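The values are calculated or read from the model by the stated rules, or taken from the named source; none is laboratory data. Model, not experiment: these values are computed from the prediction. Don't worry about glycine lacking a Cβ; one is built from the backbone with ideal geometry, like all the others, and counts go over all protein chains shown. Surface accessibility is based on the protein's heavy atoms, side chains included, excluding ligands, DNA and RNA. Shrake-Rupley method; radii C 1.70, N 1.55, O 1.52, S 1.80 Å.
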Amino acid sequence: MNNKEKNKKSIQDKLSNLKYNANSEAHLKVDIKKCLKCTSKPCTFICPAGVYEYRDDINEILVQYENCLECGACKVVCPYNSIDWQYPKSGCGIILKNS
Amino acid sequence: MDINYNADVIVVGAGPSGIAAAISVAKGAKKVVLIERSQYPGSKNMYGGAVYTSALRELLGQDIEKIKFERKITSHTYAFLNETGSFELTYQNNESNSAYTIKRFNLESQLIEIAKSYGVYYIPNTLVKSLVVENDRVIGIETELEKYYAPVTILADGVNSLLSQNLKLKQDYKPKDIILSAKETLKLDKQTIEKRFNLKDDLTQGVAKQYFGSDFKELKGYKNLFMMTFLYTFKDTIMLGVGANLDDLSKNKLNINEILDIIKTHPSIAPLIEGGERIEYSAHMIPEGGYKKMPKLYSNGVMVVGDAAGFINSVHFEGTNFALISGKIAGQCALEALANNNFSSNFLSLYRKKLEKSFILKDLYSYRNIIERLYSRSNSLNIYYPNKIKELFEIITGANCVSKSKQFREFFFKLFKDRNPIELFKDAIAFLRCALDVFFGK
Ligand SMILES: Cc1cc2nc3c(=O)[nH]c(=O)nc-3n(C[C@H](O)[C@H](O)[C@H](O)COP(=O)(O)OP(=O)(O)OC[C@H]3O[C@@H](n4cnc5c(N)ncnc54)[C@H](O)[C@@H]3O)c2cc1C
Ligand code: SF4
Ligand code: SF4
């Protein structure tokens, strides 16, 4: 396993016992037209929850918004302002009780 | 314009700054509504781990006694990590009463109960979607369901503050203005923590550790990585986290969790967390543009407090104290605005004036260049000096049958040989300037 694969697995592990109040609607959306211009795709390696994944077979960014930790880093790091970054709906999203 | 106000003041966000603002308004016998998007208090929030009693006491007076903390912090360590170990400076004061560890869920839960006892009207589970603006003046807020009106709105919505951005008080952050941090909460039993950190068993002792240094083999090859690791002892958990500049992470294509996993295996840290079971993982940003990136702090009918205003000292991991006191001051300004029936930007400039007289803008000003200076020397701080300290201590502690004075001489000459004297000079100037900034600050 290379470092990136190891990290992906590590994040999955860490997310596995987190509590969320599921949000039925995506609170993060990307503008695929902008993403196609983006060569470095920093969202895919910066997110501490591994929410963004680039699928080269379909040329799209998959957004697993359900895993979001609501930190905001993807929005700051996106060079094309492509992410429509909102909070999950009232009461939805991550629930931290030990942090 | 005739508006039917629902309250005198609306506060958005129930972190320390919002709760403090609400309490300070309620103490003036005005009607204040505190709105929070999360279902449970503090359940969107994370931090390193300690709150400072002086700020809490200034806000709550005797009521501070009602708060149940986890452990008193009696030992502060600053450490430099190198490849195989660390150089640590510890200040221990068992009489100290200045900081306590407490989880955010517990901190916010208790503060909100106290706020309610002062008459604050708390509305959880409610996301504020936007501000209601009329004639260039904020007159209320809009949730998913309805609008609430008040002559004063206080934005305490944290580092991401979408609301102050929408109002154009604040610009988007750039990656270099942000530290991204990830943390694990590790469960151990109470006795193990006490034995490991040499603490009494009555929760009157605890440790806070802050580590610099990134020269580990797993991180070699990454450039100019400025990172800080922190560790706090709680009652039966340890918080271990790391923060790094978002621009450095991005340029190095590095994920903060990768660094966290590497830190966990460092020979000076692994034994401290051994056996800890991870019960939570969290991530949060720290705004560190500081004084230079401060948003406009007020406008007609509105003020910005806490992290939303970038009030934080990331060198010392202080934030809740800035949040609490800026909230308190904004609350007082709201009371004065109500008394004068004047909610104009002009009148609310009082808020900035009061902040300037407090430690908040004084500290922010004194530290305005420090982060930049430390960054500009990040290789020295994170790699060169930790290694030199290691070499020096190998001489002092290693009885290796070579004359000490010969070793010291060699060490001294190597200091100048291993590093371009110009770089050494730049280091010296940068560190001296940091010291002068603080010494001659406001
Ligand atoms: C890794 C890390 C370590 C730290 N360590 C320490 C430490 O040890 N000691 C210390 O004193 N400080 C520390 N800090 C800083 C400290 O946590 C912050 O400065 C402090 O929490 C800021 O308080 P706040 O009330 O301004 O914002 P927050 O605590 O962020 O509160 C904002 C609140 O607003 C709510 N909200 C946001 N938008 C909306 C909306 N639209 N509608 C309704 N609600 C909304 C959020 O859910 C949240 O509850 C640390 C920070 C980090 C990231
Ligand atoms: S960083 Fe922004 S533009 Fe680039 S792929 Fe990600 S979302 Fe799209
Ligand atoms: S907010 Fe943070 S956790 Fe959520 S998608 Fe963006 S980077 Fe990932």
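Here are some notes:
- Within chain B, helix-based [θ] at 222 nm, where runs of 4 or more DSSP H residues each add -39,500 (n - 2.57), nearest 500: -11000 deg cm²/dmol
- Positions from region B:234-265 whose accessible area shrinks by 40 Å² or more when the full protein complex is built, not the chain alone, probe 1.4 Å: B:246, B:250, B:253, B:255, B:257, B:258
- Surface composition of the protein assembly as shown: carbon plus sulfur atoms hold 52% of the accessible area, using a 1.4 angstrom probe and ignoring ligands, DNA and RNA.
- Normalised per residue, the accessible area of region B:175-287 is 34 Å², obtained with a 1.4 Å probe and no contribution from ligands, DNA or RNA.
- Region B:193-223: trypsin sites (Lys or Arg not before Pro) in DSSP coil with no more than 14 other Cβ atoms inside 10 Å: B:200, B:220, B:223
- Comparing B:308, B:283, B:14 in a Gaussian network model of chain B, where Cα atoms under 10 Å apart are tied by springs, the biggest mean-square fluctuation is seen for B:283.
- Given in Å, the Rg to one decimal and the Dmax to the nearest whole number for the Cα atoms of region A:1-91 are 13.2, 39.
- In this structure, the pairs whose alpha-carbon distance is over 21 Å, taken from A:6/A:75; A:75/B:168; A:8/B:183, are A:6/A:75.
- Once the partner protein chains are put back, region B:107-133 shows a loss of at least 50 square angstrom of accessible area, versus the chain by itself, at B:127 (probe 1.4 Å, ligands and nucleic acids excluded).
- The relative contact order of region A:22-96, computed from alpha carbon pairs under 8 Å that lie at least 6 residues apart in sequence, is 43 percent.
- Helix content alone sets the calculated 222 nm mean residue ellipticity of chain A: runs of n ≥ 4 DSSP H residues at -39500 (n - 2.57) each, divided across all residues, give -7500 deg cm²/dmol.
- Within chain B, the proportion of C-alpha pairs whose separation exceeds 44 Å stands at 16%.
- Over region B:371-439, accessible surface divided per residue gives 65 Å², non-protein components excluded, 1.4 Å probe.
- GNM top mover of B:348, B:240, B:424 - chain B, alpha-carbon springs below 10 Å: B:424
- Per DSSP, loop trypsin sites (Lys or Arg not before Pro) in region B:59-152 with at most 12 further Cβ within 10 Å: B:68
- Local electrostatic count, residue A:99, Cβ distance below 14 Å [Lys/Arg +1, Asp/Glu -1]: +4
- Distance between the modelled labels on residue B:116 and residue B:39, one decimal in nanometres: 1.7 nm (7 Å Cα→Cβ projection).
- Between the C-alpha center of region B:346-385 and that of region B:31-93 there is a gap of 20 Å.
- 1.4 Å probe accessible area per residue over region B:1-142, in Å²: 41
- The GluC sites (Glu not before Pro) of region B:214-292 that meet both conditions, a loop assignment by DSSP and at most 16 other Cβ atoms within 10 Å of the site Cβ, are B:274.
- Within region A:48-62, the residues that become at least 50 Å² less accessible when every protein chain is included than when their own chain is isolated (1.4 Å probe; DNA, RNA and ligands ignored) are A:48.
- Cross-link reach list, lysines versus residue B:147, counting only Cα pairs under 18 Å and skipping chain neighbours closer than eight places: A:89, B:31, B:129
- Hydrodynamic radius (Kirkwood) for the protein assembly as shown, which is based on Cα pairs only, to one decimal in Å: 24.4
- Normalised by the number of residues in chain B, the average gap of Cα pairs under 8 Å and 6 or more apart makes the relative contact order 20 percent.
- Accessible area buried, both sides summed, chains A and B with 1.4 Å probe, Å²: 3900
- For the residue pairs A:9/B:220; B:27/B:72; B:103/B:354; B:27/B:357, alpha carbon separations beyond 26 Å are given by B:27/B:72; B:103/B:354.
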